[in-house]
Amino acid sequence: MKREIEENAETIRRLHSRIKETFEVRDQSPSKKREWELACKEFHARYETLSFPCNYTEALKKIKDGDQLSVESALCFVELRPYFFRSGYMYRELIRRLKNANLAGSHRERRDAIIHTYRQWRASQCKV
């Protein structure tokens, strides 16, 4: 699952980069504008599937109940902390949901380790 997350993150970055590249020249000709439109369309068509191993919206609802696939997907995502468009928002929401989830065994241990690391990072960012 982690390899899939990493590969999908790379694909999202590539698709997003293509939007930026085509945006710069979209006003040069109708064909350049069409190229930009197609880049946007492909990005938006593929984003939901690529951004999270299972349905993100459904996973957010199921994490609290300890749904195994949703919890495992969320844990893998926050452990990897992939970087792509909107991944930071997803990361923070998954952390919030995992904090309130009723987890057992290794899922609880992984969650606790992630939250501990996250709190340490937050504390280091707040120092002035």
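One table, with the values for the structure above:
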{"read-out": "Percentage relative contact order, segment 64-128, counting C-alpha pairs under 8 Å, at least six apart", "value": "42 percent"}
{"read-out": "Reported label for calculated semi-axes √(5λ) of the Cα gyration tensor in Å given (1) 40, 20, 15; (2) 30, 14, 11; (3) 34, 17, 11", "value": "(3)"}
{"read-out": "Table column - 3J(HN,Hα) (Hz), segment 38-48, Karplus curve with 6.51, -1.76, 1.60, x for Gly and Pro", "value": "5, 4, 5, 4, 5, 4, 5, 5, 9, 4, 4"}
{"read-out": "Mean separation of Cα contacts under 8 Å (6+ apart) over length of the chain, as relative contact order %", "value": "25 percent"}
{"read-out": "Relative contact order (percent, whole number), segment 7-51, Cα cutoff 8 Å, 6+ residue spacing", "value": "48 percent"}
{"read-out": "Cα-based helix-to-principal-axis angle, 105-126 vs the chain, degrees rounded to 10", "value": "70 degrees"}
{"read-out": "For the chain, calculated [θ]222 nm from helices alone, where every DSSP H run of n ≥ 4 adds -39500 (n - 2.57)", "value": "-26500 deg cm²/dmol"}
{"read-out": "Debye, to nearest 20: dipole size of the chain, +1 on Lys, Arg Cβ, -1 on Asp, Glu Cβ", "value": "480 debye"}
{"read-out": "In the chain, lysine pairs with alpha-carbon atoms under 26 angstrom apart (chain gap of 8 or more, or interchain)", "value": "13"}
{"read-out": "Å² per residue, accessible surface of segment 54-128 at 1.4 Å", "value": "63 Å²"}
{"read-out": "Positive-end extreme of charge dipole, the chain - chosen from Val78, Gln68, Ser31 (charges on Cβ)", "value": "Val78"}
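The values are calculated or read from the model by the stated rules, or taken from the named source; none is laboratory data. Being a predicted model, the structure only gives us computed values, none of them experimental. Ideal geometry is used to build each Cβ from the backbone, glycine not excepted, and the neighbour counts take in all protein chains shown. Ligands, DNA and RNA are stripped out before the accessible areas are found, and what is left, the full protein with its side chains, is counted by its heavy atoms. Shrake-Rupley method; radii C 1.70, N 1.55, O 1.52, S 1.80 Å.
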